[in-house]
1. So is Ala300 in contact with a Lys or Arg (Cβ under 6 Å, 6 or more places away or on another chain) and farther than 26 Å from Ala227 by Cα or not?
2. Considering segment 238-262 alone, what residues qualify as being within 28 Å of the chain's Cα centre (by Cα), closer than 20 Å to Lys279 by Cα and either part of a helix (DSSP H, G or I) or modelled with pLDDT under 90 (or both)?
3. Condition test on Arg78, is it in contact with an Asp or Glu (Cβ under 7 Å, 6 or more places away or on another chain), of a type in the set (D, E, K, R) and either at pLDDT 85 or above or buried (at least 16 other Cβ atoms within 10 Å of the Cβ) (or both)?
4. Please go through segment 263-276 and pick out each residue that is in contact (Cβ under 8 Å) with a residue 40 or more places away in the chain and part of a helix (DSSP H, G or I).
5. Within segment 294-307, is even one residue basic (Lys, Arg), closer than 20 Å to Ala210 by Cα, outside the structural domain of Lys346 (by TED's automatic domain parsing) and surrounded by 15 or more Cβ atoms within 10 Å (Cβ to Cβ)?
6. Going by the structure shown, is Ile22 under 21 Å from Arg132 (Cβ atoms), in the same structural domain as Lys128 (by TED's automatic domain parsing) and in contact (Cβ under 8 Å) with a residue 12 or more places away in the chain?
7. Within segment 396-419, identify whether any single residue is modelled with pLDDT of 60 or more, at negative phi and either outside the structural domain of Gly184 (by TED's automatic domain parsing) or assigned to a helix (DSSP H, G or I) (or both), and answer yes or no.
8. Among the residues of segment 481-502, write down those that are in contact (Cβ under 8 Å) with a residue 12 or more places away in the chain and either in the same structural domain as Lys353 (by TED's automatic domain parsing) or in contact with a helix residue (DSSP H, G or I) (Cβ under 6 Å, 6 or more places away or on another chain) (or both).
Amino acid sequence: MEETLEKNVLPRILIADDEDGIRFAMKETLAEEGYEIEEASDGQEAVDLFGPEKFDLVILDYRMPTLDGLETLKAIRRQDAEVPILFVTAYGSKDLAMEALREGAYDYFTKPFDVDEIRVVVRRALEKRTLRRRVQILSRHMDASLGFDQIIGSTTEMRDLFHLIQRVAGQDVTVLVLGESGTGKELVASAVHRHSKRRNKNFVAINCAAIPGELLESELFGHERGAFTGAHAQKIGKFEHANGGTMFLDEIGDMDSMLQAKMLRVLQDNEFQRVGGNKTVKVDVRIIAATNKDLSEEVAKGRFREDLFFRLNVIPLYIPPLRNRRADVPILIDHFVKQANTQYAKEVRGISKEVMEKFMNYNWPGNVRELENVITRAVILSHGEILSPADLPIDFSDEEMLRTSASSTVDFHSNESQNGSAHLTVPTPGGPLESALRDTASLIQAIETGTPMQDAIEQEIQKIEKGVILSALEKNRWRRGETANFLGVSRRNLLRKMQKLGIE
């Protein structure tokens, strides 16, 4: 479902107070402002009623049964750290109010409260929440050309993948992630989980190829005491830890046939037995599996159960190898350079033209994981602000690259010259947000003419900033104060940005 900058529903407020008269007075006051109100008579009821995105604001009294106001505040903020919470204390309880503010409360009132004050503070808190949402949504739209969630990519194939993830995430169905090693299958699985209804529950991942078969069963389903030598106590398996959440089974194509049969029962009946036990354990788990193998071929060869394959392959998500989306290499490089700078306290600004040529002509058999490793090592070994061929790892020599590139299948958009060499054709992003998206082709062209990568990227960022600010100014009829509020920046900062970008 597409996000919009406007929300056409009334703000919803949760009021928690054990005094019926106080709740009634607050409800009447705020209902006149057009808000939808829900009530709780104690702290535990408030926690039970609350859910992320369900309420836009919470008002908590300190003195309540079951859970007091501070305990309730902490419990709610564990579910949603962004929701504004107003705290109500008795007159003279300033220390309690200060503690509530330290725990993340937006503001506080003292009893007896002033009706007009409540109206103003509630209105300001809701306006701030709305502005924050607008900025977050706008930021996500601006980043649409660079990736989705934690996955970096700007090509048509990757944007199609991002849209499919968004459509599938909210549907509680089994997903099979397909792709070569190093393409980022766990990142895709994590993105599906984070955008699903199970996002507040556990995401549990296990690599089926990394654990021997006899131990994998115990890791997945747990075991009872005495089930085998060394089983001195009962062990809870990964599936029970993932109950209510998502279980990610990486490299499921390497699972042995005995475990495949047990996995089929979990998918069919949501139940299993621990190793050495006879008690049936029920779980509510969404399964996301991944493999770098062709499971249909494995089925044909008798190495994978056909019925399990059909159960897993409800929604397949395919991640293209990096050699098929070379236009993503520059933005991946930028991302990994910044990441390595932060981790290792370096100040690398970009890569040289020679290094970029090497990277663009290399086939990356290890995909994104290999690129990340090469960039990380190069940043650690770097001698200056720009990565040069001398900074690359020894095993990334011209001879090694030539051997790997010659032995790999080149499968990407290219034009063949008369001598058979491939010239990269970089797809340019499109769509309704085109003016606010980074033009990968122009980035590569700028780098080829000698502009350092970081400078080229900074120029594109300034184009994006200028487009966003101009759109916001037009939306707010060029009223700079309202535009600054809409963008969530100070008026002074907006004016400084306008001057820097030449907006008059």
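1. Against the criterion (in contact with a Lys or Arg (Cβ under 6 Å, 6 or more places away or on another chain) and farther than 26 Å from Ala227 by Cα), Ala300 does not qualify.
2. Lys238, Phe239, Glu240, His241 - these are the residues of segment 238-262 that are within 28 Å of the chain's Cα centre (by Cα), closer than 20 Å to Lys279 by Cα and either part of a helix (DSSP H, G or I) or modelled with pLDDT under 90 (or both).
3. no
4. Met263, Leu264, Leu267, Gln268
5. Yes, some residue in segment 294-307 is basic (Lys, Arg), closer than 20 Å to Ala210 by Cα, outside the structural domain of Lys346 (by TED's automatic domain parsing) and surrounded by 15 or more Cβ atoms within 10 Å (Cβ to Cβ).
6. Answer is no for this residue.
7. Yes: one or more hits.
8. Thr483, Phe486, Leu487, Gly488, Leu494, Leu501 - these are the residues of segment 481-502 that are in contact (Cβ under 8 Å) with a residue 12 or more places away in the chain and either in the same structural domain as Lys353 (by TED's automatic domain parsing) or in contact with a helix residue (DSSP H, G or I) (Cβ under 6 Å, 6 or more places away or on another chain) (or both).
The values are calculated or read from the model by the stated rules, or taken from the named source; none is laboratory data. Keep in mind that what you see is a predicted model, and the values were worked out from it rather than measured. We place every Cβ from the backbone using ideal geometry, glycine too, and count neighbours over all the protein chains shown.
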